[in-house]
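These notes concern the structure reproduced below.
The values are calculated or read from the model by the stated rules, or taken from the named source; none is laboratory data. Treat the numbers as computed from the prediction; the structure is a model and nothing was measured. Glycine gets a Cβ as well: all are built from the backbone with ideal geometry, and neighbour counts include every protein chain shown. Ligands, DNA and RNA are excluded from the accessible area calculation, which covers all protein heavy atoms including side chains. Shrake-Rupley method; radii C 1.70, N 1.55, O 1.52, S 1.80 Å.
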Amino acid sequence: MAKQFTLGKNERLKSRKQIEQLFSEGKKFTVTPFRIFYLFQSSLITDHLIFKLQFGVGVSVKNFRKAVDRNRIKRLTREAYRVQKNELTEKLKVSGSKLNVFFIYTAKEIPDFKLVKDKVALVLKKFEKIVDEKTPSDT
């Protein structure tokens, strides 16, 4: 069966309650030009949920006045994430935990897709390491 590279409605972080919880209780780190907020939740809370990984992206109005520019950056980031997220999704299924992630673009210039894709790949690799550390190894 071929892998699906989708970013469906249920995989997007849209709940105001979850986003507020992410910013208040979650951890953060920076991979220039992104600041990444994330929050792991235990499997006890999320047993009924199918999607173990939810994602959101934001761009500051202060840095980009035109909505066209903000939307372009968000579109590039979502596309880079959509194409590369499958490995992390598989690791989360095995570990049984849920991860909420929110990317905030902090640079002041519009990036090209290659830069965004490389930086998103770095972030996802970092999350894979974090998931590996959280789950006890079976070997």
query = Top to bottom by accessible area (1.4 Å), largest first, where do THR30, THR89 land?
reply = THR30, THR89
inquiry  = Under 5 Å between amide hydrogens, which residues at least 5 positions from SER97 or on another chain qualify, with H placed 1.01 Å from N in the peptide plane?
reply    = none
remark   = Under a Gaussian network model of the chain whose springs join Cα atoms within less than 10 Å, the largest fluctuation of SER95, SER60, SER15 belongs to SER15
message = For LYS93, give me every one of the lysines with a C-alpha distance below 20 angstrom, ignoring sequence neighbours fewer than eight places off in its own chain.
response = LYS3, LYS9, LYS52, LYS85, LYS125, LYS126, LYS129, LYS134
ask   = Sorted by accessible area (1.4 Å probe), largest first, how do ASP132, ASP69 line up?
value = ASP132, ASP69
task = Give the accessible surface of the chain per residue, rounded to a whole number of Å², with probe radius 1.4 Å and ligands, DNA and RNA excluded.
result = 63 Å²
message = If I model a spin label as a point 7 Å beyond the Cα along the Cα-Cβ vector, how far apart are those points for ALA67 and LYS27 in nm?
response = 3.7 nm
Charged-residue dipole, Cβ positions (Lys, Arg, Asp, Glu), the chain about Cα centre, Debye nearest 20 = 700 debye
note = Taking Cα pairs closer than 8 Å and at least 6 residues apart, the relative contact order of segment 53-139 in percent is 42 percent
Sulfur and carbon atoms: percent of accessible area, the chain [1.4 Å] = 53 percent
request  = Would you indicate which of (i) -0.64, -0.93; (ii) -0.50, -0.78; (iii) -0.56, -0.85 is the value of log10 I(q)/I(0) by the Debye sum over Cα atoms at q = 0.13, 0.16 Å⁻¹ derived from the coordinates of this structure?
outcome  = (iii)
query = Say the dipole of the chain comes from +1 at the beta carbon of Lys and Arg and -1 at that of Asp and Glu; which of VAL116, GLY96, PHE127 then lies farthest toward its positive end?
reply = VAL116
